[in-house]
Every structure is written in C-alpha cells, then in structure tokens.
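Structure record follows, encoded as structure tokens.
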Amino acid sequence: MKQMIIHGGKPLKGDVWIGGAKNSTVALIPASILSRTPVTLEGVPRIADVDNLMDLLSEMDVKCDFQETTLKINPEDIHMSPLPAGKIKSLRASYYFMGALLGRFGKAVVGFPGGDDIGPRPIDQHIKGFEALGATVKNQNDQIIITAPTEGLKGAVIDLAMPSVGATINIMLAAVTAKGQTIINNAAKEPEIIDLATFLNNMGAVVRGTGTETIRIEGVARLESKAPHTIIPDRIEAGTYIALAATVGNGIRIHNIIEEHLDSYLAKVEEMGVVTKVDEDSLYVYPAGDLKMVQVRTDPYPGFATDLQQPMTPLLLSAKSGEGIISDTIYPKRVGHIPELQKMGADIQAEDNFILIHPTAELKGAHVSAGEIRAGACLMIAGLMAKGETVISNAGNILRGYDRVEEKIKKLGGDISVIDAN
Ligand SMILES: CC(=O)N[C@H]1[C@@H](OP(=O)(O)OP(=O)(O)OC[C@H]2O[C@@H](n3ccc(=O)[nH]c3=O)[C@H](O)[C@@H]2O)O[C@H](CO)[C@@H](O)[C@@H]1O
Ligand SMILES: C=C(OP(=O)(O)O)C(=O)O
C-alpha cells in the first residue's frame, strides 16, 4: 500500500504544469482499439489508471509503448478477449471497453467496473444505449455480456435519463461504426467528450454536436488513425492546484490550462476573494488574503464539477467567518473526506445530503486515509496546510489520477513523499 507523508506548514511557490486530462485519457485508450492502424496519444498523464488500461490492452495483444508523455498503441494484432475481472476492477473507466469492443467486434464480455467509492454508480443508461443500438445485454457471474445482432449494430435515437458522461461516451464508442444515424439526447457536455469526438473524427468517424445536449453520429465502416492526438489539459488537476495555491501558495503559476473549462470553479474561487491572473494558457494565483465563505452546489458541466468539491474544501476551511454549505447533486454521498478532516481538527460535518463547513484556524497533522481520489487530493492539501506530520494511507487512490504529484509538489517546495508501506 502506498502512503503519502507530508510535513505541512511551508509556503509553496513557483510553477506547475498540468498533465493531460485523466477522464479524456481513460476514454481515448479504449477508443484506440477502434482504429485499424497504430494510434499515438500525446500529453498522456503518468497515472495508475493509464498503467491499468495498458495491462488490459495487453490481455488483447494490443502493444503499447509509453515514453515520457507519448503513448503509442498498436491494435493491429488485437484479438477479442473477455475482460472479466482483475484490472477491470481497478478503475471505473474500464467500462469503456464495453462500447469499444462492441464497436470493433460486435461482442464484449467485461466485468463490472471498479472506481471510486462515492456512492451508487449504476450503468443502466449505458445498457439502455447498447440495447437501443440492437445489442443483447446479459448479466452473468458479475460480467456483462453484450452481443450485437448478426447484421450488426443499427443507429437509434437514445434519450438519456441524465447527462451521464460514461453513458454518452460508451454509446459514442459503439455507435461510430453502427449502420446509420445515432442521436444521443440529453448527452453530457464535458470537454472530455469533445476531446474524444475530435480523436474519433480524425480517424474518419462522423460525430457532430459534442458540447451540446444533442450528439449526432453517422456510422462509418472503418476507422484509421493517421495523426497523433494531443489530450486536453486536466481541468480537475488544475482546479486542485488552484485550491492548493490559494491555501498554501506564496505565488504559484499553473501552466497548461484551458480557462473556459474552469469557469464555474474559478467563479467560486474568485467569489471567496482569491486573486488570479489568466494569461494565454496559464493562470497565476496570488498569495491569498482574507477569504470569504461561499456556498457550493455541484452540477453536470458547465456547472461546478463534483470532482472539485473535495479539493476545494480546505480552501473553504480557511475562510475567515460564516458557514459554508456544499451540496453535491451528482454524488450526495461523496463525503469520505469528512471523518478524515475531522481527525485533523477541521470543523466540518455531513448532514443529510449537505456538507457543513466552518472556518478552522489551524489544521493539525494526523494519520488519515484516502478512500478515493478526490478525498485524497483534499487530504493532501489539508496536510500541506497543517502543522506537523500527516500520513495519508491508501495514497494509491491519489496516484490513480494525479500526474507525477510528488515531483510537482516537491518542485513547489512542499515536503512530501510517497512510500510503499505494508
Ligand atoms: C472516468 C470518468 O470520466 N469519470 C467521471 C464521470 O464518471 P461517470 O461517467 O461514472 O459519471 P456519470 O456522468 O455517468 O454519472 C452522473 C450521475 O448519473 C448517475 N448515473 C450514471 C449512469 C447511469 O447509467 N445511471 C445513473 O444513474 C450516476 O450515479 C451519477 O449520479 O463523471 C463523473 C461526474 O461528473 C465524475 O465524477 C467522474 O470523474
Ligand atoms: C470519480 C472519479 O473518477 P472515476 O470515475 O474514474 O472513479 C474522479 O476522477 O473524481
């Protein structure tokens, strides 16, 4: 088990570079098997989710070569293989192999995905989408078996009950090679979905309307990658460093960002009184003065991202007065950080589906556990703020999605290390 050890209380300063978006990357890697030619992805983050997806690709004889931030994927010798358990459970996005295998082979046998423990995460909308395209979906021994009819998948109109990121992407992956037109209504609008559409369209797919609530797909027979694809920057990683800079920063410049992707988040941070200056693709966070408490409500994009409510919490704790209320409408039970922050002396409680936060003058180091990736990011920032030593167990959950985090924080002057502990 990985442990993150932090000696807090030191001001951080300097420059940090944001990696490629985890939630794009984990869709682009499964999407690569739709290509009949080798694929090159640039700006790939060094995160455990990528390692696990590469292991899943190797089970299907897809070769990967990952150097620096360039990942070459060669699916030319791919064979259809069931992906029943093991690595499938290590991340959420392994479910994209359902759509990708169905699109490529007309059949997918994939175990139920893992991922963060943030409350119930059903996949009924994914299944509804596959069935609308003509596939038969069976649930056997903790595996989903999805089979296209002999004549292949056929385009359909699919009305999602909610704008699910995963269902939108999975349906896109299956529909790009289906016969005829597919329309996804009430589609998710996240930037990562646009990134995936750019990748697919550059391989010959015809996907229109991503970023709006209606996506139209005209099925094509064959996809071929012809040019490298550069992944968009990770807006959640960027938001995490903004919270870090506003709590323990003494002037931090965050490079490789797309400001528009952070609009709702920056609006809240600025409402608190944090001063930032945006340049072309970087953002400078000034050392924070007295901060005002604010209320936060998470929503689907372009609303405030659920993945940023926990990383922003240490910033709310450092407000001068008032009561902060967080309402996470996507995952109301995403509260695993609360008992851990309480161990550090934070005045924070979960009540019904709300999180109540009161200013906490000083956090103290403690032994805490990162139950999931963003709870971990929250505890990491709290540890950097706190007096004394903080030991975060289950730190592998942080490494699942934060690119070279130890190196980046050390470079800013933070006293942080990640060790193997048993
Ligand atoms: C790999 C990836 O991109 N993960 C992100 C993705 O997760 P993920 O794709 O799993 O999240 P969804 O957008 O699908 O979920 C949104 C909401 O819809 C519900 N739902 C979803 C699908 C379904 O079939 N039925 C159903 O009820 C979920 O329980 C949740 O309440 O979007 C989440 C919401 O922004 C983020 O927190 C995750 O970081
Ligand atoms: C919930 C998250 O990830 P995943 O969907 O991969 O579990 C996240 O990135 O915050």
Förster-model FRET efficiency, 30 Å R0, D279 and R404, C-beta, rounded to 0.05: 0.85
Distant-in-sequence amide H partners of S369 (H built 1.01 Å from N, under 5 Å): S393
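For the stretch 22-230, what does the alpha-carbon gyration tensor say about shape, rounded, prolate or oblate, given a ≥ b ≥ c as the root eigenvalues, a/c under 1.5 as rounded, and a/b over b/c as prolate?
Judged from the Cα gyration tensor, the stretch 22-230 comes out rounded (a/c under 1.5).
Put R334, R404, R104, R216 in order of accessible area, largest first, 1.4 Å probe: what do you get?
These residues rank, largest area first, as R216, R404, R104, R334.
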Probe 1.4 Å, protein heavy atoms only - accessible area per residue of the chain in square angstrom: 38
Computed E for I258/T329 - FRET, C-beta separation, R0 22 angstrom, nearest 0.05: 0.35
Per-residue HN-Hα couplings for the stretch 400-409 [Karplus 6.51, -1.76, 1.60; θ = phi - 60°; Hz; x = Gly/Pro]: 4, x, 10, 4, 6, 5, 5, 4, 5, 6
Within the stretch 22-230, percent of DSSP bridges classed antiparallel, to nearest 5: 75
Reachable aspartates and glutamates from K138, criterion Cα separation under 20 angstrom, eight or more residues apart if same chain: D124, E151
Percent antiparallel among DSSP beta bridges (both partners in the chain, rounded to 5): 70
Coordinate range along principal axes, alpha carbons of the chain, Å, largest first: 66, 45, 39
Length-normalised contact order of the chain in % [C-alpha pairs under 8 Å, at least 6 apart]: 22
Modelled FRET efficiency - R0 35 Å, M80 with A227, Cβ distances, 0.05 increments: 0.85
Under 5 Å, built H, 5+ apart or other chain: amide partners of G180: G155, G219
222 nm mean residue ellipticity, helices alone, for the chain (DSSP H n ≥ 4; -39,500 (n - 2.57); rounded to 500): -8500 deg cm²/dmol
For the stretch 79-194: rounded, prolate or oblate by the Cα gyration tensor [a/c cutoff 1.5]: oblate
Nearest 10 degrees, 0 to 90: helix 22-31 Cα axis against the chain principal axis: 10
Contour excess over end-to-end distance, with Cα ends at N185 and K13 and 0.36 nm allotted per residue: 57.4 nm
Greater than 22 Å apart at Cα, pairs in K268/K292; K2/K408; K320/K410; K320/K408; K22/K189: K320/K410; K320/K408
Sequence-distant residues sharing a close amide H with A319 (under 5 Å, placed H): T360
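The values are calculated or read from the model by the stated rules, or taken from the named source; none is laboratory data. Because the structure is predicted, anything quoted here is derived from the model rather than measured. Virtual Cβ from ideal backbone geometry, glycine too; neighbours counted across all protein chains shown. Just so you know, the surface numbers come from the protein's heavy atoms only, side chains and all, with ligands and any DNA or RNA stripped out. Shrake-Rupley method; radii C 1.70, N 1.55, O 1.52, S 1.80 Å.
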